[in-house]
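Only the coordinates and a few stated rules stand behind these numbers; no lab work does. Bear in mind that the values here come from a model prediction, so they are computed numbers and not experimental data. Note: ideal-geometry Cβ built from the backbone for every residue, glycine included; neighbour counts use all protein chains shown.
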Amino acid sequence: MNYSCLPNEDDTLKGSTRMSTTVGMDIDHLSADEMPAIRERILSKKDELGLLMLEESARGGGYHLVFARKSELSQEENLKWASELISVAYDSGAKDITRVFFTTSGNELIYLDDAIFELEEVLGTDDTAFLKKDAAVACQNKFKGIAYKDIIAEFWRRTGGVPNTGERNKRLHQLAANLRSICDDSEEWLLALMPNLGLPDHEMRSIIHSACKEPTKGSRLMDQIVAALATSTYDTIDTDDQQLSIINSQLSIKKLPQGVKDSVAAVGPELAMPIITAVCPCIGALATGVKLDVHGRVRGLNLISYIVGEFASRKGDIDPVVDAWMSEVSAMDEMYQQQEDEYRRKKRASKNKKEQPEELKLPVRYIALNNTVANLAERLANVEGKHAFSFTPEADTVAQKWRSAMSDFSVLLRQSYDGSRYDREAKSAEAVNVHIKHLLWNVVMCGTPDALYRVVTNYTDGFQSRIALSQTPDNTYAKLEDKPYVLTDRQTERIQQVAHLLPLMAGEVVLQKLETRGRAWLEKIRLEAMMNDDRVKARERFRTCVTAQRMVCCLMLCKVCEQLIQKHGLNGAETQLKQKPYLWKEMLQKTQTPAMLDMYDVIADQLLDSALYYFRDRIENAYRSRDYAAGNSRSRRSKNDTIYERLDVQFSFDQAMQFSVAIKGADVTRNSVQQMLKNWRKQGLVSLTDDGGYRKVS
């Protein structure tokens, strides 16, 4: 077993630099008389030590112990600290983070805490991580709206890359000497921001102190870096692939759980967000018993996704991944469909006979979208309170089949997103009559942009806002991959392991940290929208927040499955979930880690951006008139482009009118500007001045 590092992407340990949140410690060469006293000393200090595991060496005369890592200390410093605490020497030959311990049998196991199996990367240990020691400093992690970590990454790129061991002190000194110019020459600030590249705290302090002692001067290189990043990253983004590359850079693929990570690996990182958007409805349908409390309303993980891409944009790579997730459901449905085929054969054979075969109502859950309203309603009524699921690689199937009944399709999906009641009645005894208390139906569609507009034809009924949209990157001029991404047998197996465990979870959960993050995101978007008088964005945020919380909950459920499989194996994990019905809830609370919560922001921002890209103009035109044929040029404004930010601290109504016209167009009315200013006053953004003008408050 290895406790001090996380493996590389290919599961090897050699060369790994990713430290885990735990440290493995080897104690050897103890006499028989020393063993009991040291054992009791370790156990007596287990809380102070953060003890997670203690076992006796198989050959005797020593112990293996695992404790919680102090992130501000290096691997060897952690070992020294623990050694001093328990007053026993550690094996100095076992201080590398990739050191492997051969785990002994249960007879030698003395102490074990389940937290040892929660695998996370500790912040501040690899070449790109950053120390977060001082909360007051950590909150100042941007300069002119640019993250310091991006500035440092660009500095390394321009100066020869991240330094190797032999040059790191010299190069870190250069970084500190340049970075100080945008850190107020603060040594504590630099210590919190700079990567340590494996150096202990006292060496970092010495390097930074030396750099700050040099005569004060500006840094032309740092000025160039800030200017370049401000232009390329934080101003208007004109192309879709630039936008998508930023999204994927924000998404920490390494931290994705089993099954989801394998799904991304099967299609490649460029399709990370589309594949996550596609598999979350699968996960939500499989975890059909799980209900999440969002804003005080408890609902299932009901999700509708549409993956948008031009033809030949690799949307088809998503198909086998979805099939892998739904393979168990498909296998059961195949059995049911064979029974239905047999029933139809008997029905035809007994057409003119008095005795007729009994009609079957089988719970087929994987439902084809190439269907009629009546057949679909009947299928949805027969799923026995579980989620139904539908997938189409060609959304035009929906547009053509439901062309005359698109409103019925929209109603079904809207009610399925809310998990609300669905009724269908007909006078004829032969016609389909259904009464579904809670309609549960997750749907994934893939198609071109024009097919999207044939599926979503009404922009004011709420259907569009319930769809999770994600766009495939523009591969028009991309080279053909030497080794195209394919779903491997190993990836399929890992996906199916998680998919097998998800149906065993049932119950209601409140994820308070996720809810808090969602509310913070909502407030951020509310203020951004208000500052720019952007009513479409302000309205889109509501359901985007709900959808993003449901998607992140899906990822967290997969994380729980991953931890159970790692600890108990697949069969053992299944046994644990059956014997301990509330175990998954307890584990789910612990998956609300900073890394997982950060994924919420990335997903929510992407969903909102995609919705505005495809539907902003159509929504605005729909509210103004019945002419929906509007253009869809993509635009992304930074905070400094809003009406509010462009105005001076003190401004007049005419100036507010002028900037509103400049940003929103010539059809802006005086009434709309007056309402905007009224909203700003009500929210405390501006106050009236004595001369009838306005002054910014915040």
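Overview of values
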item: Least to most buried among Trp81, Trp584 (fewest other Cβ within 10 Å first); result: Trp81, Trp584
item: Ranking of Met273, Met406 by count of other Cβ atoms within 10 Å, fewest first; result: Met406, Met273
item: Amide H within-cut-off set for Leu303, under 5 Å, with H built and near neighbours excluded; result: Val443
item: Relative contact order of the chain, pairs being alpha-carbon contacts under 8 Å that are 6 or more residues apart, as %; result: 12
item: Size of electric dipole in the chain: Cβ of Lys, Arg +1 and of Asp, Glu -1, about Cα centre, debye, nearest 20; result: 2320
item: Over segment 295-399, relative contact order from alpha-carbon pairs under 8 Å, at least 6 apart, %; result: 23
item: Using a Förster distance of 41 Å, the FRET efficiency for Asp10-Glu188 (Cβ separation, nearest 0.05); result: 0.60
item: Rg/Rg_ref, segment 642-696, where Rg_ref = 2.2 N^0.38 Å and atoms are Cα; result: 1.03
item: Cα-Cα over 28 Å, subset of Lys437/Lys513; Lys95/Lys170; Lys315/Lys585; Lys513/Lys678; Lys537/Lys559; Lys70/Lys142; result: Lys437/Lys513; Lys315/Lys585; Lys513/Lys678; Lys537/Lys559
item: Cα-based shape type of segment 135-232, given that a ≥ b ≥ c are square roots of the gyration tensor eigenvalues and the cut on a/c is 1.5; result: rounded
item: Residues Ser330 and Ile110, FRET efficiency given R0 of 51 Å [Cβ-Cβ distance, rounded to 0.05]; result: 0.65
item: Pair Arg681, Gln338: separation of 7 Å Cα→Cβ label points (nm); result: 7.4
item: Nearby lysines by direct alpha-carbon distance to Lys353 (threshold 29 angstrom, same-chain neighbours under 8 apart not counted); result: Lys361, Lys427
item: Amide proton proximity set for Leu52, modelled H, under 5 Å, gap of 5+; result: Val66, Phe67, Ala68
item: Relative exposure of Val649, Val536, judged by other C-beta atoms within 10 Å (fewest first); result: Val649, Val536
item: Separation between Cα centres of segment 154-227 and segment 326-342, rounded to whole Å; result: 62
item: Value of [θ]222 nm, deg cm²/dmol, for the chain, DSSP H segments ≥ 4, -39500 (n - 2.57) each, nearest 500; result: -15000 deg cm²/dmol
item: For segment 22-117, size of Cβ-based charge dipole, Lys and Arg +1, Asp and Glu -1, in debye; result: 80
item: For segment 61-89 versus segment 547-613, the gap between their alpha-carbon centres in whole angstrom; result: 32
item: Dipole-positive endmost among Tyr90, Gly50, Pro357 within the chain (Cβ charges, Cα centre); result: Pro357
